[in-house]
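Below: one structure, written as structure tokens.
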Amino acid sequence: MNQDADKILEVKNLQTHFFTDEGTSKAVNGISFSLNKGETLGIVGESGSGKSITSLSLLRLIPSPPGKIAGGSILFKGEDLLTKSEKQMRSIRGNEISMIFQEPMTSLNPVYSAGEQIAEAIRLHQKLGKKEAWDKAVDMLRLVGIPSPEKRAKQEPHELSGGMRQRVMIAMALACHPEVLIADEPTTALDVTIQAQILELIKTLQKDFGTAVILITHDLGVVYETCDRVAVMYAGKIVEYTLAKEIFTNPKHPYTIGLLNSLPRLDMDQEELTTIPGTVPSPYNMPKGCSFAPRCPHAKGICEQAVPDLQAIGPSTEVSCWMFTPQWEKAYDAQEKVGI
Amino acid sequence: MGVPAAEKKVLLKVDQLKQYFPIKGGFFGRTINHVKAVDDITFDIKQGETLSIVGESGCGKSTTGRAILRLDEPTSGSIHFQDRDLLSLGKKEMRRTRKDLQVIFQDPFASLNPRQTIGKILGEALAIQNVVPKENRKSRIEELLGHVGLRPESMERYPHEFSGGQRQRIGIARALAVDPKLIICDEAVSALDVSIQAQVLNLLKSLQRQFDLTFLFISHDLGVVRHISDRVMVMYLGKIVEIADKKSIFEQPQHPYTRALLSAIPVPNPVHERERILLTGDVPSPIDPPNGCRFHTRCPFVQDICKTQLPELKRSAQNHQVACHIVS
Amino acid sequence: MFVFIIRRVLQTIPVLLGVSLVVFLIMQMVPGDPATLLAGEGATKETIESLRHELGLDRPILYQYVDYVLHAVQGDFGESLRSSRPVLDEIMVRLPITLELALASIFITVVLGMIAGIISATKQYSAADISIMIVALLGISLPSFWLGLMLIYFFSVNLHLFPVSGWGTFSHMILPAITLGAGGAAIVARMTRSSMLEVVRQDYIRTARAKGLKEYIIIYKHGLKNALIPVITVVGLQFGALLGGTVLTESVFAINGLGRLIVDAIRTRDLPMVQGGVLIASVIFVFMNLAVDVLYRYFNKRIDLN
């Protein structure tokens, strides 16, 4: 898509599996994408799509056991994170690649002050003294728009509102000027007016710091307003990978289309929502072919037999769907679809 | 929906409802203050319509729903359902009336007994209200499952065997079991994925047509609200700031809070150009709400009068009421 | 916080009154008459009657009780029927010994229990974890008098490492403290383990990892402080159980502490002694609970608001 020199992060065929009593769940099942300097990549999907597991895999934060990164590579500035030692990873986490999470209420340690939790990361990575680190933490709080930061820094998380806690998380994540920020559903738990504030803040800081952002979300509206490019995930795979604007004006994959049609729109009246029938397949019992085939209105026999590859169908669009392959014309129709 | 809203019969009338929750503290554990969760609101719901309550956390939307069901005993006001004041009913009468008022919660799993089969859960709902003779219950349960799009075999299964969307269908079936008149949906589809949410929303709409149901739909998701409602009521810090029919609230919102709320939601549409009103700060505490207009601390158009005088809810157009000094 | 402490202190008053009443009534109900016992065998009816009058035992029960409480609050628990010395003096001789024993055992309970629990939690399902949990299970199941006897048998009788009984030196303390503290240590170990395991699953631990912190800092700085909150309650409850346990342990090791004093007093129907001893033990217990409550609230104030 872009020049290789611009690529800060490149994920190739990443596979993260979970080994449980129920069997092996291929939560992330061979995904590839890249992130350019300073851009925002959205990863969208519904629950069970593997989007959050993807984000945790990037920093090697998958709880193990039961999870394990089973294959692939994560190239950060050309070096594979999967071959690095735990010590090397620690110097990258929170320093060169940071992360913020969905639940601001529970993601901060309840027994330490907001300032201390930010200063801790600064002391660790920038080798500053206690006083300097604290001052820098206060500066960061000011930067993320927290009023009277000197006072707030001394407060514990329970004294802060949800929106303020997420600001603290952002301050902590950006304190060491990371090159990549992974934001896992950063606004899902927040009210819409607060969500608007936080998204605006991330956008501004991203511009000022030149940080590349991976935004994990289920909200297509958020993707549209904040992302440059987007990867749509379904059942552990990327089904469509394209420009963010493109996905709304010209969606390709039947799942993407279904998702957009099921969305109750704020900008138009719909008498009836077009739905995707059925539910996501169980991760322990994946269909043999395309994982969306059982719910797909277009599925033919070939879809149930083999998994389609993610392949380019335009200058900036990749889709994994048999409909966009030469085999499609020759394929025979599938058996009757099953309902709910 | 063929009959204009104004000509329809009022099913539920809420008048000057207040719901204060005491805060205990001090030396002897006295009540030192109140959370004014709902503070003097008046509205009605007409037969067969869907009224939505929207607002952010702490605005009092769920408390309003709970007060109507008398899950919490309201502090003052009246709630007339079919011309009877629910708050004056005795325990026994209230229990009988509950048959007409059903509720669907956000997390259906929490309200389904994990040790009971779906058949048993629905059978119990039928038995409590005694609407169907015992010998017909099984066929009634099958019928109910059919209404919500579940197979009759589901009867033998347990709640944990179902997905979130299916559980919500079970919750709906249970609400439907007693032929209710009003169903309160408290964030009923909020926890569901978009594709499943759409299925449940379509189901609710078709059931409404089929059984002439009235919905009080409580939600924070304005897209969902636009899809399902006939009228929309916007709440902020325990007060109604605006009530209007769907078309006017989405196309000509008047209250600055409603406008900010609508503009804050990201919409995936390049044609849908809007001016964003970015609110600053957090919602103040409902323990000690601001004087005057509750919204004045965050309002971009604030005037002096807003800081001292509480604006009344006034009719600004046909089917449109708004509580704002600047608009009126 | 201050208001909370004051309120909790005031709440102890009815509790202590209740305890005194119960102790008083139980002693009224037990068969056997102190006057008869005191008068000795072969005493005439008249002697017993006059002794009863002298002791005030012929007055109405309510009057006896009120009288007793009024004196008790001034530190006057009456005189021992056996030794004729003030009850309080007798108790004050014995109490330090029992407190020493209790503190030594609580030390074992807390330190041993917590270290074992942390090791178990951080090395979940390892050999160390499994052995600790088996030992902990034994610690909970074994009755303390049996454990005490076994310890005496192995370490004192066979190995001559520690004295068999008595009190006074540090080496006297070790076996009784282990006997008394073992059960508590086992409970604290299990509690610490489950609490740690719960805490390491929390979102803020994930945040700490994402920051790039070392694993031991994550466990000891971010985990432990949160994990200790429920453990504090357990330790507090253990202190109560411990006071009860001193009775047995003091008997097994022949230590002249408060527990033994009360047991002896019960045996000889030394009514004022039993009442005084139990009341003092209750006061200690109630105030320990108070301290735990205050500590718990201090640690927990940040959490209960969520």
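Worth a mention:
- For B:Leu11, distant residues with modelled amide H under 5 Å away: B:Ile45, B:Lys46, B:Gln47
- Overall shape of segment C:168-211 was characterised from the C-alpha gyration tensor. The equivalent ellipsoid obtained from it has semi-axes of 38, 12, 4 Å, in decreasing order.
- The angle between the Cα long axis of helix C:87-107 and the main principal axis of chain C comes to about 20°, on a 0 to 90 degree scale.
- Percent RCO, i.e. relative contact order, over segment C:159-306, from Cα pairs under 8 Å lying at least 6 residues apart: 26 percent
- From the largest down, segment C:85-130 spans 58, 12, 9 angstrom on the principal axes of its Cα atoms.
- Computed from Cα atoms alone, the Kirkwood hydrodynamic radius reported for the protein assembly as shown is 33.4 Å.
- Per residue, the convex hull volume that the Cα atoms of segment C:1-103 enclose (Å³): 147 Å³
- Pairwise FRET efficiency - B:Tyr158 versus B:Lys92, Cβ, R0 = 22 Å, nearest 0.05: 0.10
- For segment A:19-34, Karplus couplings with θ = phi - 60° (6.51, -1.76, 1.60), whole Hz, Gly/Pro x: 9, 10, 4, 7, x, 9, 10, 8, 4, 10, 10, x, 10, 9, 7, 9
- A simple rule links phi to the HN-Hα coupling: the Karplus curve 6.51 cos²θ - 1.76 cosθ + 1.60 with θ = phi - 60°, which for segment A:118-125 gives 6, 4, 4, 5, 5, 4, 5, 9 Hz, with x for Gly and Pro.
- On Cα atoms only, tilt of C:127-141 relative to the major axis of chain C in degrees: 10 degrees
- Database remark: amide H of B:Val35 closer than 5 angstrom to the amide H of B:Phe21, B:Ile23 (H placed geometrically; neighbours at sequence offset of 5 or more, or on other chains; Pro and chain starts carry no H).
- All C-alpha pair distances within segment C:244-295, sorted into 10 Å bins from zero, spread as 25, 44, 24, 6, 0 percent across the bins.
- Those residues of segment C:113-136 whose amide nitrogen sits under 20 Å from the label point placed on A:Lys68, 7 Å along Cα→Cβ: C:123-127
- Two-decimal log10 I(q)/I(0) for chain C, as the Debye equation yields it once each C-alpha is a single scatterer, q = 0.09, 0.12, 0.16 Å⁻¹: -0.59, -0.92, -1.27
- Only protein atoms count toward the accessible area here, which uses a 1.4 Å probe; on chain C, the carbon and sulfur part of that area reaches 69 percent.
- Taking both sides together, the accessible area buried where B meets A is about 3800 Å² for a 1.4 Å probe.
- Counting only alpha carbon atoms, the long axis of helix B:137-147 and the longest principal axis of chain B meet at about 50°.
- Accessible surface for segment A:61-102, divided over its residues, is 44 Å² per residue with a 1.4 Å probe.
- Each part reduced to its alpha carbon centroid, segment C:76-150 and segment A:153-219 end up 50 Å apart.
- Percentage, to the nearest whole number, of Cα pairs in segment C:150-306 over 25 Å apart: 51 percent
- Cα-Cα pairs of segment B:239-318 separated by more than 18 Å (percent): 49 percent
- Whole-number Å³ per residue for the convex hull built on Cα positions in segment A:1-148: 161 Å³
- FRET E, pair A:Asp21, C:Arg267, Förster distance 45 Å, beta-carbon r, rounded to 0.05: 0.20
- Mean shadow area of segment B:92-156 over all directions, Cα convex hull, nm²: 5.1 nm²
- Listed by chain and number, the aspartates and glutamates whose C-alpha is less than 17 Å from the C-alpha of A:Lys87, apart from same-chain residues fewer than 8 away, are A:Glu79, A:Glu96, C:Glu215.
- With the simple model of a label 7 Å out from the Cα in the direction of the Cβ, B:Ser57 to C:Tyr153 spans 6.0 nm.
- Annotation for segment B:237-313 versus segment A:72-137: alpha-carbon center distance of 38 Å.
- Over chain C: helical MRE at 222 nm, DSSP H runs n ≥ 4 each giving -39500 (n - 2.57), nearest 500: -24000 deg cm²/dmol
- With eigenvalues of the C-alpha gyration tensor scaled by 5 and rooted, segment B:19-82, Å: 28, 13, 8
- Working note: Debye formula, equal point scatterers on the alpha-carbon atoms of chain A, no solvent; log10 I(q)/I(0) at q = 0.09, 0.15 Å⁻¹ is -0.52, -1.30.
- Where C meets A: accessible area buried, both sides, 1.4 Å probe, Å²: 2300 Å²
- Mean-position separation - Cα centroids, segment B:152-212 and segment C:1-29, in angstrom: 54 Å
- Projected area averaged over orientations for segment A:82-138, convex hull of C-alpha atoms, nm²: 4.9 nm²
- Around the amide H of B:Val241, modelled in the peptide plane, lie the amide H atoms of B:Val234, B:Met235, B:Tyr236, all under 5 Å away and 5 or more residues distant in sequence or on another chain.
- Apportionment of accessible area to carbon and sulfur, chain A, percent (1.4 Å): 50 percent
- Where Rh is the Kirkwood radius over Cα pairs, Rg/Rh for segment B:157-241: 0.98
- Rg(Cα)/(2.2 N^0.38 Å) for segment A:182-314, N = residue count: 1.19
- Two-site FRET efficiency, C:Ser194 against A:Lys37, from Cβ-Cβ distance with R₀ of 35 Å, rounded to 0.05: 0.15
- Whole-percent pair-distance distribution, where bins are 5 Å wide, for the alpha carbons of segment A:116-248: 2, 10, 19, 19, 19, 13, 8, 6, 4, 1
- Secondary-structure-derived ellipticity at 222 nm for chain B, considering helices only, amounts to -8500 deg cm²/dmol, per-run term -39500 (n - 2.57) for DSSP H runs with n ≥ 4.
- The Kirkwood hydrodynamic radius of segment B:1-150, based on inverse pair distances between different Cα atoms, is 18.3 Å.
- Applying the Kirkwood pairwise sum to the alpha-carbon positions of chain B produces a hydrodynamic radius of 21.2 angstrom.
- With θ taken as phi - 60° and the Karplus curve 6.51 cos²θ - 1.76 cosθ + 1.60 applied, the whole-hertz 3J(HN,Hα) list for segment C:278-293 is 5, 5, 5, 4, 5, 4, 4, 4, 4, 6, 4, 4, 4, 4, 5, 4 Hz, x standing for glycine and proline.
- Listed residues B:Ile196, B:Ile249, B:Leu222: farthest to the positive end of the dipole of segment B:193-260 (Cβ charges): B:Ile249
- Within straight-line cross-link reach of B:Lys8, aspartates and glutamates at Cα separation under 16 Å, skipping those fewer than 8 residues along the same chain: B:Asp44, B:Glu49, B:Asp83, B:Asp212, B:Asp230, B:Asp245
- For chain A: relative contact order, % (alpha-carbon pairs under 8 angstrom, 6 or more apart): 19 percent
The values are calculated or read from the model by the stated rules, or taken from the named source; none is laboratory data. The structure displayed is predicted, hence computed values, not measured ones. Every residue, glycine among them, receives a Cβ derived from its backbone with ideal geometry; neighbour counts consider all protein chains shown. Surface areas here come from the heavy atoms of the whole protein model, side chains and all, with no ligands, DNA or RNA. Shrake-Rupley method; radii C 1.70, N 1.55, O 1.52, S 1.80 Å.
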